[in-house]
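Asks: One structure follows; several queries about it will come next.
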Amino acid sequence: MAPEVVDVRILVTGGTGQLGSAVVTRLRSAGEEVRVLSRRAGPDVVRGDLRTGRGIDSAVAGVDVVVHCATDYFGREAQLARTLIEAARWAGGPHLVYVSIVGVDRVPLGYYRAKEETERLVAASGLPVTIQRATQFHGLVRTLLGGASRLPVVPVPRVSFQPVDVRDVAKRLADLALDEPAGRAPDFGGPEVLSAAELAQAVGAASGRPRRIVPVRVPGETFRAYAAGEHLAPGHRDGVITFGEYLAERADHR
Ligand SMILES: NC(=O)c1ccc[n+]([C@@H]2O[C@H](COP(=O)([O-])OP(=O)(O)OC[C@H]3O[C@@H](n4cnc5c(N)ncnc54)[C@H](OP(=O)(O)O)[C@@H]3O)[C@@H](O)[C@H]2O)c1
C-alpha cells in the first residue's frame, strides 16, 4: 500500500522579501502548498499587515507551519511577532519558524536587540517553534561595500563577514519547516569568512573597476563586537554558494 501523503500548508510571512521569496520558491518546488503574506496585493498573495493585525487571522487560518521572514527595520520587530503569535494561538498552534541573525545577543545594534527580544517572545509563545540564526546575506554585504565600485580609494572597516546566499538559508528553512520543531537550531553560516577588504575588492573587481582598499579601525562598541567576530559562525560553514559566485551571477546585470 502506498504511504499516506499528508499535505502541509505553509504560510510564509515576508514571502515577497529577499529570503522569504527564496523560501517560497524552495517549498513550492518541493510540491508544498504555500501561502504568501504581503501588505500589498499581488498574484498568489494573502494580504495582511503584521503591524496593524489586519488580515492576519485569515492568513494564519488552517496552516500547519508559519515561516516568519517578515521584518521591521524601525523598532517594531517584536510587535510584528506578537501579532503573529496571537493569531497563531487562535489558529490552533502551527509550527512557527523564526529567522534571526548570528550575534543578536552580542552585537549592540538596535535592530539586533529587537531580534533578540523577538527570539525570546517566540521561544516563550507556547507554540511549537524553531529559531534559525543566519549570518549576513550576500546582498547586504554587497550593498554595505557597494562604495567599492564608485570611489578610487575605499576605506573599509577592519572586520570580517561570513556572507551566505539566501537560497542556501531558504533550503535550511524549508527543511526545518517540514521537520519537527527544533527550538533554537544550530547557527547557519556562509561557506567562507572573508575580511571586508577582500569582499570590497571582490565587489570592485566584479564591477570592472578594481579600487584601492584601505582597512580602517572604526571606534565604538558595535564595531568592537564586529571586529571580535561576534556576528560570525566559523564552526558552521553550511552554505555552499560563495560571495564570488553570487557576484559572478550578477556580472551580466551591472
Ligand atoms: N539581510 C541579512 O543579512 C540577514 C541575515 C540574517 C537574517 N536575516 C533575517 O532574515 C529575515 C528576512 O530578511 P530579508 O532581508 O529577506 O527582508 P526583506 O527583503 O527586507 O523583506 C522584508 C519582508 O517583510 C515584509 N513586511 C515588512 N513589514 C511587514 C508588515 N507590517 N506586515 C507584513 N509583512 C511585512 C515585507 O513584505 P511586503 O512589503 O510585501 O508587505 C517583506 O517581504 C529578517 O528577519 C532578517 O532579520 C537577514
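Asks: Which order do Lys115, Lys171 fall in if you start with the one that has the fewest other Cβ atoms within 10 Å?
Replies: Details: Lys115 24, Lys171 19.
Ordered from fewest to most neighbouring Cβ atoms within 10 Å, Lys115, Lys171 come out as Lys171, Lys115.
Asks: Let me ask something additional. Can you tell me how the range 132-230 classifies by the Cα gyration tensor, rounded, prolate or oblate, using a/c under 1.5 as the rounded cut? Can you show the working numbers first?
Replies: Numbers: a/c = 3.69, a/b = 1.78, b/c = 2.07.
Note, shape of the range 132-230 comes out oblate.
Asks: Among Ser125, Ser58, Ser100, which comes first, then next, by fewest other beta-carbon atoms within 10 Å? Intermediate results must be reported in sequence, preceding the final value.
Replies: Details: Ser125 19, Ser58 14, Ser100 22.
Least crowded to most crowded, the residues run Ser58, Ser125, Ser100.
Asks: I've got another one for you. How far is helix 166-177 tilted off the main Cα axis of the chain, in degrees rounded to 10, range 0 to 90?
Replies: The answer is roughly 30 degrees.
Asks: Two decimals, Cα atoms only, Kirkwood Rh: what is Rg/Rh over the chain? List each step's numbers first, then the result.
Replies: Details: Rg = 19.2 Å, Rh = 19.2 Å.
With Rg and the Kirkwood Rh in hand, the quotient comes to 1.00.
Asks: When His68, His95 are ordered from fewest to most other Cβ atoms inside 10 Å of their Cβ, what list results? If you can, show how the numbers build up before the last one.
Replies: On the way: His68 27, His95 23.
Fewest-to-most ranking of His68, His95: His95, His68.
Asks: Hey, what did the range 9-253 get for relative contact order, percent, Cα under 8 Å, at least 6 apart?
Replies: Details: 510 pairs, mean separation 46.3, N = 245.
Worked out over the range 9-253, it gives 19 percent.
Asks: Let me ask something else about it. If you take the beta carbon distance between Asp57 and Glu221 as r and set R0 to 51 Å, what does 1/(1 + (r/R0)^6) give as a FRET efficiency, to the nearest 0.05?
Replies: Working: r = 41 Å, r/R0 = 0.81.
Rounded to the nearest 0.05, the efficiency is 0.80.
Asks: What does the charge count around Pro94 come to, taking other residues whose C-beta lies under 11 Å from its C-beta (Lys +1, Arg +1, Asp -1, Glu -1)? Could you put the intermediate results ahead of the total?
Replies: On the way: positive: Arg9, Arg89; negative: Asp64.
Value of the local net charge: +1.
Asks: Kindly work out what percent of the DSSP beta bridges joining two residues of the chain are antiparallel, to the nearest 5.
Replies: Values: 2 of 34 bridges.
Roughly 5 percent of the DSSP beta bridges within the chain come out antiparallel.
Asks: Something else about it: Please give, to one decimal in nm, the separation of the simple spin-label points placed at Asp44 and Leu151, each 7 Å out from Cα toward the Cβ.
Replies: Once both label points are built, they end up 4.1 nm from each other.
Read-outs throughout are calculated quantities, based only on the coordinates presented, and are distinct from any laboratory measurement. The structure presented is a predicted model; accordingly, all values stated were derived computationally and were not measured. Don't worry about glycine lacking a Cβ; one is built from the backbone with ideal geometry, like all the others, and counts go over all protein chains shown.
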